[in-house]
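One structure is given below, encoded as structure tokens.
The values are calculated or read from the model by the stated rules, or taken from the named source; none is laboratory data. Just so it is clear, the model here is predicted, and its values are computed rather than measured. No Cβ is skipped: glycine too gets one built from the backbone with ideal geometry, and neighbour counts run over all protein chains shown. Surface areas here come from the heavy atoms of the whole protein model, side chains and all, with no ligands, DNA or RNA. Shrake-Rupley method; radii C 1.70, N 1.55, O 1.52, S 1.80 Å.
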Amino acid sequence: MLDLGHGLRARAARRRLDRVYAPAAQALLAAGFGAGSGPRVLILHHPNRICWASIYPYFHYGADLAARYGSRIRARPIDQLMQDRAPAADIVLIQPWFTEDIDRLATAIARYRDRHTPARVVFLDSFAHVDLRFARALEPLIDLYLRKALFRDRQAFLTPRRGDTNLTEYYMTLYGLPGEVVDWQVPPAMLDRLGLMPNFLTAPHLMPQFQGALPDLDHRPIDLHARIATKGTPWYQAMREHAARVAQDLPGIVTTPRDKIDQARFLDEMRRSRLCWSPFGYGELCWRDIEAFMTGAVLIKPDMGHLDSLPDLYRPGRTYLPVRWDFADFEQVVREALADPARLRRIATEAFEACRAYVDGGRFVDDCAAVLTPPDTRTERKTA
């Protein structure tokens with residue numbers, strides 16, 4: 001039977017974080033599963049825009065997912081899991097914020113499993129940093145662990161790092177900053193349960209931007225967009241201040257100032273920029289990457305060759321221009337790019353089309369097979 005609520009839930013999901021509409025949207029998305037034979041899918045999420053970027057496509061493509069997998073999808077705040085108020089479901093997706101106490105979370109998941117015996121529990125890791133710091137506690141409790149980015153060499157997740165991530169290790173060493181080595185003690189068995197979920201592309205305010213025409217690639221008086229926020233922890237601040245310095249005072253190159261502006265002006269500048277400089281944040285993936293693709297400003301970013309992401313938007317020389325992690329070649333890359341307008345046009349076009357192909361091509365529906373295929377048709381998880 002056709003569920004006429006898919007359209008309503010999709011619209012509610014678009015407004016889930018709007019202050020005025022949030023209560024009504026949350027109520028609609030959390031409504032009961034109703035009658036049906038398909039798997040009940042419950043998403044327990046933290047209510048912020050980073051987390052919601054990963055949750056929104058489950059409702060945007062809700063009708064297609066139901067047609068393919070029979071899924072009935074609902075979303076509730078993760079507080080309901082922590083307070084033992086989450087309803088029974090066949091497939092449960094759990095998405096906390098990185099500040100959640102891991103022992104408290106593990107206790108809540110174990111309690112839910114004992115009470116409701118779901119067929120599959122999926123952890124959605126929305127954290128910026130590329131590590132598996134929750135894996136040790138979660139390994140006995142989850143069937144699938146999804147992230148927006150994974151090391152191409154999955155064994156790298158087992159390596160202790162100075163600071164706590166690959167980025168802290170590199171930049172603490174580069175700038176001579178102190179830091180202890182952290183070993184997250186990731187169980188090797190977890191590596192076989194890793195998978196990818198979409199990056200920031202699937203946020204509700206970004207997806208529609210790729211369903212229209214290619215942005216105007218002419219009339220771009222700004223050579224380099226480089227508004228870089230710098231405040232943060234010592235390693236982050238040192239790295240970001242360095243990133244801001246290398247983009248300033250380049251003779252003959254028109255560059256944006258460093259001061260902060262509102263989002264509307266920020267995006268307007270990007271639409272008038274030929275290049276966009278997007279250094280790492282606390283993790284490699286940044287909102288600005290997708291905003292650059294969306295506005296037609298060619299992305300310049302530290303080399304992303306060590307990561308897999310979904311979709312594959314980091315194709316060196318095709319969708320973005322990589323630079324060294326110490327930024328030593330930054331000026332050279334900028335000047336060579338600006339000297340070749342035809343190349344810039346090709347890169348901007350391919351980046352935009354790569355995003356549009358994922359949004360319009362039903363790829364998300366295909367990529368949900370590991371999560372939403374009815375559990376009785378798949379091999380059960382082998383516990384380590």
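Let me make sure I get this right: for region 180-219, a, b and c are the square roots of the gyration tensor eigenvalues over alpha carbons, sorted descending. Under 1.5 in a/c it's rounded, otherwise prolate if a/b > b/c, else oblate. Which is it?
prolate
Quick one: angle between helix 166-175 and the longest Cα principal axis of the chain, in degrees between 0 and 90, rounded to 10, please.
Between helix and principal axis, roughly 30 degrees.
Report the relative contact order of the chain, percent, no decimals, based on alpha-carbon pairs under 8 angstrom and at least 6 residues apart.
Here the relative contact order equals 15 percent.
Assign one of three labels to region 1-106, namely rounded, prolate or oblate, based on the Cα gyration tensor with a ≥ b ≥ c the square roots of its eigenvalues; rounded applies when a/c is under 1.5, prolate when it is not and a/b is larger than b/c, and oblate otherwise.
oblate
Using only the Cα atoms of region 192-280, build the gyration tensor, take square roots of its eigenvalues as a ≥ b ≥ c, and label the shape rounded, prolate or oblate: rounded if a/c is under 1.5, else prolate if a/b is larger than b/c, else oblate.
oblate
So, for region 43-139, what is the accessible surface per residue at a probe of 1.4 Å, expressed in square angstrom?
For region 43-139, the solvent-accessible area averages 35 Å² per residue.
Can you list the HN-Hα couplings for region 309-316, worked out from phi with the Karplus curve (6.51, -1.76, 1.60; θ = phi - 60°), rounded to whole Hz and with x for Gly and Pro?
For region 309-316, the Karplus curve yields 9, 10, x, 7, 9, 10, 9, x Hz.
So what's the gap between the Cα centers of region 208-224 and region 82-98, to the nearest angstrom?
40
Skipping prolines and chain starts, which residues have an amide H placed within reach, meaning under 5 Å, of the one on ASN199, given they are 5 or more residues away or on another chain?
Here the answer is LEU310, since their amide H atoms fall under 5 Å of that of ASN199.
Report the trypsin sites (Lys or Arg not before Pro) located in region 209-259 that are in a DSSP loop and have at most 10 other Cβ atoms inside 10 Å of their Cβ, or state none.
LYS231
If you average over every viewing direction, what projected area does the convex hull of the Cα atoms of region 243-378 give, in nm²?
Seen from a random direction, the Cα hull of region 243-378 projects 10.1 nm² on average.
Sorted by accessible area with a 1.4 angstrom probe, largest first, how do ARG14, ARG40, ARG136 fall?
Ranking ARG14, ARG40, ARG136 by accessible area, largest first, yields ARG136, ARG14, ARG40.
Over the chain, what number does the Rg to Rh ratio reach, with both radii from the alpha-carbon atoms and Rh per Kirkwood?
Dividing the radius of gyration by the Kirkwood radius yields 0.98.
Can you send over the solvent-accessible area of ASP79, 1.4 Å probe, protein chains only, in Å² to the nearest 10?
ASP79 exposes around 80 Å² with every protein chain in place.
Under the definition of Cα pairs under 8 Å and six or more residues apart, what whole-number percent is the relative contact order of region 221-357?
Once divided by the residue count of region 221-357, the mean separation gives 23 percent.
Can you list the aspartates and glutamates whose alpha carbon sits under 15 Å from that of LYS260, skipping same-chain ones fewer than 8 residues off?
GLU241, ASP268, GLU269
Counting only heavy atoms of protein chains, what accessible area per residue, in Å², does region 268-307 have with a probe of 1.4 Å?
Averaged over the residues of region 268-307, the accessible area is 20 Å².
Out of the total accessible area of the chain (probe 1.4 Å, heavy atoms of protein only), what percent is carbon and sulfur?
C and S fraction of accessible area: 52 percent.
In the neighborhood of THR233, defined by Cβ-to-Cβ distances under 13 Å, what is the net charge if each Lys or Arg adds +1 and each Asp or Glu adds -1?
For residues surrounding THR233, the net value is 0.
Angle, helix 49-60 long axis vs. longest principal axis of the chain, Cα atoms, 0 to 90°, nearest 10?
60
To the nearest Å, what is the center-to-center distance of region 176-194 and region 1-72, using C-alpha atoms only?
So the separation of the two Cα centres works out to 34 Å.
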